[in-house]
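Throughout, read-outs are computed from the coordinates displayed, never taken from laboratory work. Model, not experiment: these values are computed from the prediction. Glycine also receives a Cβ, built like all others from the backbone with ideal geometry; neighbour counts cover every protein chain displayed.
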Amino acid sequence: MTQVQWSPNLSVGNDEIDADHEKLIGLLNGLMADIEKGSGHEVIRTGLEQLMTETQNHFRHEERIMLQASYPELAYHQRLHESLMEEIREFYSSLESGSEIGPEVTEFIKNWLISHIMESDKQLGGYLQGLAAGQAGQTGPE
């Protein structure tokens, strides 16, 4: 399994969102490594639980930013977030019921995350940068 390396290419141009993404990538890489080396069920469960919790926290954080910025694609972006969370909850439920999870789970999450960052989150980043540029250009009432 190829781990994800953070690079400027993954930046969406918002320090808060980028920091969240870096953290998620670190957790995902840790889970990938645990699965690859055959760590025990409890270690993998804990890693998936941490990834699930931090992903949910990130989505809430990102959605607050979108709401504050009146982002027009907020509802669509929320549906994308919920779709991934449903998948992760299913993986977690399967693990809780005694099933093992393999590299296909982390590969799915990795592909989803990278695709989401490169498409939806980069659009959000562009929107936020546009807002910031517009605000910077305003001189206020004369």
Within-14-Å neighbourhood charge of N29 [Cβ basis; K, R +1; D, E -1]: -2
When the label point is put 7 Å from the Cα of E49 along its Cα-to-beta-carbon vector, which residues of the range 80-99 have a backbone N closer than 14 Å? 92-98
Could you go through the range 41-51 in sequence order and give the Karplus-derived ³J(HN,Hα) for each residue, using 6.51 cos²θ - 1.76 cosθ + 1.60 with θ = phi - 60°, rounded to whole Hz, and x for Gly and Pro? 3, 5, 5, 5, 4, 5, x, 5, 4, 4, 4
Relative contact order for the chain: what percent, with Cα pairs under 8 Å and sequence separation of 6 or more? 36 percent
Sparsely packed GluC sites (Glu not before Pro) within the range 1-107, loop by DSSP, other Cβ within 10 Å at most 12: E100
Add -39500 (n - 2.57) for each DSSP H run of 4 or more in the chain, then divide by its residues: what number comes out at 222 nm, to the nearest 500 deg cm²/dmol? -25000 deg cm²/dmol
A correct Karplus calculation of ³J(HN,Hα) over the range 26-35, with 6.51 cos²θ - 1.76 cosθ + 1.60, θ = phi - 60°, whole Hz and x for Gly and Pro, returns x, 5, 4, 4, x, 5, 4, 5, 5, 5
Within the range 1-73, which trypsin sites (Lys or Arg not before Pro) sit in a loop by DSSP and count at most 14 neighbouring Cβ atoms inside 10 Å? K37
